[in-house]
Amino acid sequence: MTGETEADLTGVPATPNRRRPKAPITEIDGRKLKPATLMMGHGYDPSLSEGSLKPPIFLTSTFAFESAAAGKRHFEGVTGIRPGGAEGLVYSRFNGPNQEICEDRLSVWEEAEDALLFSSGMSAIATTLLALVQPGDVIVHSAPLYAATESLIGRILGRFGIQWLDFPAGASKVEIGAVIEKAKRLGRVALLYLESPANPTNVLVDLEAVVAQRDALFAGAEHVPPIAIDNTFLGPLWHKPIAHGADLVIYSLTKYAGGHSDLVAGGVLGSNVLINNIRLMRNTIGTILDPHSAWMLLRSLETLELRMSRAGDNAAKVCAWLRDQPQVEKIVYLGFPENERQADIYRRHCTGAGSTFSLYLKGGEAEAFAFLDALKIAKLAVSLGGTETLASHPAAMTHLSVPAERKKALAISDNMVRISIGCEDADDLIADFAQALRHIG
């Protein structure tokens, strides 16, 4: 039926999404606008909200339909009968203006086809895994992962017959291929899940090597496992995994994207096909972010580049000072690669070293605790990527639940301290670390 549009076939006009501008400006005179510019207004039309310069907070649970036919069409998208999600606003468990504007802006950073917001980083990870795995599947992942992610894969999904194999974060292309080949013999490989740099060891994963081995080992296969990567430590400023072959990028948006230690959120970015599947799972189990937190994220994205750049510059100065201190055994900071393998991965993948690193002190838990307890500017707290400097003890805090032998194998030792540098004055931070180090000799 040539000449007929989708609206002709359904009887419902395919009108533009009323909470978004009809034609967002992404370039001027052929010049592609940078993400830092687009964060100030992309995805939002003030004329649709009484001229408000910034998006209002839409604290509503449900939205009125223009017609019964429109409501039906929106639910066709929500339920997956028609791919792509709802074309309009339906119910706050499914979508909302604040969430969708923020999702538009998140997509900009990595030139992703689509993005989704979640109530936390772990709800983003859990929803993604639930959408992609089936009983009897195998997950291949890098190690270490954030402790809750390892627990989710190993303990919770394991109850449903999901198996897993891992390879160390710094593994070679050959080592990665060997683990994937072994996984293929165990069952259907559902996905390859990465975290780079690894939490808390700060070791980089060779994403390009993973992509190459996946493509070679599954060439012509009916199911090619997608590659998902947790990019929380470096993204979206210092690492853009989609450009290196990743299919999905996962974030704890609590960290750098939120950046003020005042919200909890997660995000997933990627191709339309994969995001549609994950969206259906999110719609079902209700892991969407609330509108107020989405609104706060919109505020934070406007200064993301400024905050991350300042923190990264500070970290470079602080780490250069720390590595020469007699109380320091070693420092694992991407700006000082431990070996040529890590240096090579860094050169190919990263545009900056980040602001989170692992500090190994001479001694053990007692020395690490003495250092942490003596800090005056840096706050003793878990998390990272905020405007303030944070320090924690992974072995006794975030990774306490990891079995002792696994912690030993992954170098999560009692003398390790994880530090996330913030936006304070770098010299003031150095003074704080100097006095704290004196407490351990």
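The values are calculated or read from the model by the stated rules, or taken from the named source; none is laboratory data. Computed from a predicted model, the values in this text were never measured in an experiment. As a convention, Cβ positions derive from the backbone with ideal geometry for all residues, glycine included, and neighbour counts pool all protein chains shown.
Worth pointing out:
- Qualifying residue in region 146-157 (condition: of a type in the set (Lys, Arg) and closer than 16 Å to Leu274 by Cβ): no
- Strands (runs of 3 or more DSSP E) wholly inside region 343-441 that include at least 1 residues being among the charged types (D, E, K, R): 416-420
- Count of residues meeting criterion [in contact (Cβ under 8 Å) with a residue 24 or more places away in the chain, among the basic types (Lys, Arg) and under 15 Å from Gly136 (Cα atoms)] in region 158-213: 2
- Tally of residues being of a type in the set (Asp, Glu) and either assigned by TED's automatic domain parsing to the domain that holds Ser392 or assigned to a loop (DSSP other than H, G, I, E, B) (or both) across region 196-236: 2
- Among residues of region 170-213, those that are touching a Phe, Trp or Tyr at 6+ places or on another chain (Cβ under 7 Å) and at positive phi, counted: 1
- Entry remark, region 287-323: residues being part of a loop (DSSP other than H, G, I, E, B), over 17 Å from Pro236 (Cα atoms) and within 19 Å of the chain's Cα centre (by Cα) number 4 in total.
- For Val382, the conditions (1) β-branched (Val, Ile, Thr); (2) at pLDDT 95 or above; (3) surrounded by fewer than 16 Cβ atoms within 10 Å (Cβ to Cβ) are fulfilled apart from (2).
- Positions within region 80-102 being within 26 Å of the chain's Cα centre (by Cα) and without any contact (Cβ under 8 Å) to a residue 60 or more places away in the chain, in sequence order: Ala86, Tyr91
- Condition check for Trp295: closer than 18 Å to Cys102 by Cβ, among the aromatic types (Phe, Trp, Tyr) and assigned by TED's automatic domain parsing to the domain that holds Glu150: yes
- Residue match in region 32-55 (condition: farther than 24 Å from Arg299 by Cβ and touching a Ser or Thr at 6+ places or on another chain (Cβ under 9 Å)): yes
- Look at region 311-327: where a residue is without any contact (Cβ under 8 Å) to a residue 60 or more places away in the chain, no partner that is acidic (Asp, Glu) sits 6+ places away or on another chain with Cβ atoms under 8 Å.
- Residue check, Ala395 within 27 Å of Arg438 (Cβ to Cβ), at pLDDT below 95, crowded, with 20+ Cβ neighbours inside 10 Å and in the same structural domain as Ala315 (by TED's automatic domain parsing): yes
- Any pair with Cβ under 6 angstrom, 6 or more apart, that starts in region 225-247 at a residue that is touching a residue at least 24 places away in the same chain (Cβ under 8 Å) and ends at one that is among the charged types (D, E, K, R) and not in a loop (DSSP other than H, G, I, E, B): Asp230/Glu195; Thr232/Lys255; Pro236/Glu110; Lys240/Glu110; Ile242/Glu110; His244/Glu208
- Residue in region 253-266 that is of a type in the set (Phe, Trp, Tyr), crowded, with 24+ Cβ neighbours inside 10 Å and in contact with a helix residue (DSSP H, G or I) (Cβ under 7 Å, 6 or more places away or on another chain) present: yes
- Flag for Ala409 being in contact with a strand residue (DSSP E or B) (Cβ under 6 Å, 6 or more places away or on another chain) and of a type outside the set (Asp, Glu): no
- Neighbours by Cβ (under 7 Å, 6+ apart or cross-chain): first from region 402-424, in contact (Cβ under 8 Å) with a residue 60 or more places away in the chain and on the phi < 0 side of the Ramachandran plot; second in a loop (DSSP other than H, G, I, E, B) and of a type in the set (D, E, K, R): Gly422/Glu388
Condition check ((1) under 24 Å from the mean Cα position of the chain (by Cα); (2) more than 20 Å from Ala257 (Cβ to Cβ)) across all residues:
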site: Leu359; (1), (2): yes, yes
site: Ala366; (1), (2): no, yes
site: Asp373; (1), (2): no, yes
site: Lys379; (1), (2): yes, no
site: Pro403; (1), (2): no, yes
site: Arg418; (1), (2): yes, no
site: Ile421; (1), (2): yes, no
site: Asp427; (1), (2): no, yes
site: Ala434; (1), (2): no, yes
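- In region 123-131, the count of residues that are within 30 Å of Ile331 (Cα to Cα), crowded, with 20+ Cβ neighbours inside 10 Å, modelled with pLDDT of 95 or more and not assigned by TED's automatic domain parsing to the domain that holds Phe357 is one or more.
- Odd one out for Ile331, checked against (1) assigned to a helix (DSSP H, G or I); (2) surrounded by 20 or more Cβ atoms within 10 Å (Cβ to Cβ); (3) more than 23 Å from the chain's Cα centre (by Cα): (1)
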